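Enquirer: Please read through the structure below; I'll follow up with questions.
The values are calculated or read from the model by the stated rules, or taken from the named source; none is laboratory data. Just so we're clear, the structure is a prediction, and the values are computed from it rather than from any experiment. Cβ coordinates were reconstructed from backbone atoms using ideal geometry, including for glycine residues, and neighbour counts include every protein chain displayed. Surface areas here come from the heavy atoms of the whole protein model, side chains and all, with no ligands, DNA or RNA. Shrake-Rupley method; radii C 1.70, N 1.55, O 1.52, S 1.80 Å.
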Amino acid sequence: MKVILLKDVKNLGKKNTIVKVNDGYFQNFLSKQKLAVLATEEAIKHLNKDLIQIEKQNAIDLKLAEKLKEKIESIKLEYTLKSNQGNVFGSISQKQIISSLIEKEINVEKYFFPKDFEPLKIGNFHITLNLHQQVKADLHIIVRENNEEE
């Protein structure tokens, strides 16, 4: 029996794909969990329309991501951390970076950052942001030490 997956199903397939399964598996699991529908002619026509719409949206998202990449790579963020006798106080967080980018009218999301992002101390940093499946941007950040005594 051929079915169209409505969601990703582990060890079976991705959303919007047509797969062949046993009748019992479809009736007892996939259908009850609303993970799949029968691949009738009408359902396949509907799927094709959905896939065309998804493709159009992906093309739009790709263009927007490329424009965002240009903006991100054209700037350099600079921060200063207080220090005293070689001890640095604080760090630059993901939230601070996002706020700085928003001030420059560049909207980024938390999930664009690498999962292993660590707060930044002193130095030059290049952070790769994942803007889209096919688009990555290199954000340049400089963190300096401010050792002025008050």
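Enquirer: What do you reckon, how do L38, L62, L5, L131 stack up by accessible area (1.4 Å probe), largest on top?
Expert: From most exposed to least exposed: L38, L62, L131, L5.
Enquirer: For the chain, give the share of DSSP beta bridges that are antiparallel, in percent and rounded to the nearest 5; count only bridges with both residues there.
Expert: So the antiparallel bridges in the chain amount to around 75 percent.
Enquirer: Within the range 22-67, list the trypsin sites (Lys or Arg not before Pro) lying in a DSSP loop whose Cβ has at most 10 other Cβ atoms in a 10 Å radius.
Expert: K32, K34
Enquirer: Enumerate the calculated ³J(HN,Hα) couplings along the range 94-106 in order (Karplus 6.51 cos²θ - 1.76 cosθ + 1.60, θ = phi - 60°), each rounded to whole Hz, writing x wherever the residue is Gly or Pro.
Expert: Each residue of the range 94-106 in turn: 4, 4, 5, 5, 4, 4, 5, 5, 5, 4, 8, 6, 10 Hz.
Enquirer: Could you work out the relative contact order of the range 5-59? I mean the mean sequence separation of Cα pairs under 8 Å and 6+ apart, divided by the number of residues, in percent.
Expert: In percent, rounded to a whole number, it is 30.
Enquirer: In addition: Taking 0.36 nm per residue of separation and subtracting the Cα-Cα distance, what length does fully extending E73 through N58 add?
Expert: 3.2 nm
Enquirer: Please go through the range 87-145 and write out the GluC sites (Glu not before Pro) that DSSP classes as loop and that have at most 11 other C-beta atoms within 10 Å.
Expert: When the GluC sites (Glu not before Pro) of the range 87-145 are filtered for loop state and at most 11 Cβ neighbours within 10 Å, E105, E109 remain.
Enquirer: With a 1.4 Å probe and all protein chains left in place, how much of the accessible area of the range 72-141 comes from carbon and sulfur atoms, in whole percent?
Expert: On the range 72-141, the fraction of accessible area on carbon and sulfur atoms equals 45 percent.
Enquirer: Pick from Q134, Q94, Q33: which is most flexible by mean-square fluctuation in a GNM of the chain where alpha carbon atoms under 10 Å apart are linked?
Expert: Looking only at Q134, Q94, Q33, the biggest GNM fluctuation is shown by Q33.
Enquirer: Can you give the local net charge around N130? Use residues other than it whose beta-carbon is closer than 11 angstrom to its beta-carbon, Lys and Arg +1, Asp and Glu -1.
Expert: Residues near N130 contribute +2 overall.
Enquirer: Within the range 88-150, report the trypsin sites (Lys or Arg not before Pro) that DSSP leaves as loop and that have at most 10 other Cβ atoms within 10 Å.
Expert: Answer by residue number: K115.
Enquirer: Mean separation of Cα pairs under 8 Å and 6+ residues apart, divided by the residue count of the chain: what relative contact order is that in percent?
Expert: Relative contact order for the chain comes out at 21 percent.
Enquirer: Here is a further query. So how far apart, in nm, are the two label points at F89 and Q33 if each is 7 Å from Cα heading toward Cβ?
Expert: About 5.4 nm separates the two model spin labels.
Enquirer: Give the label of the value calculated from the structure for Rg and Dmax of the Cα atoms in Å, choosing from [x] 17.1, 59; [y] 14.8, 46; [z] 23.8, 77.
Expert: Computed from the coordinates, Rg and Dmax of the Cα atoms in Å corresponds to [z].
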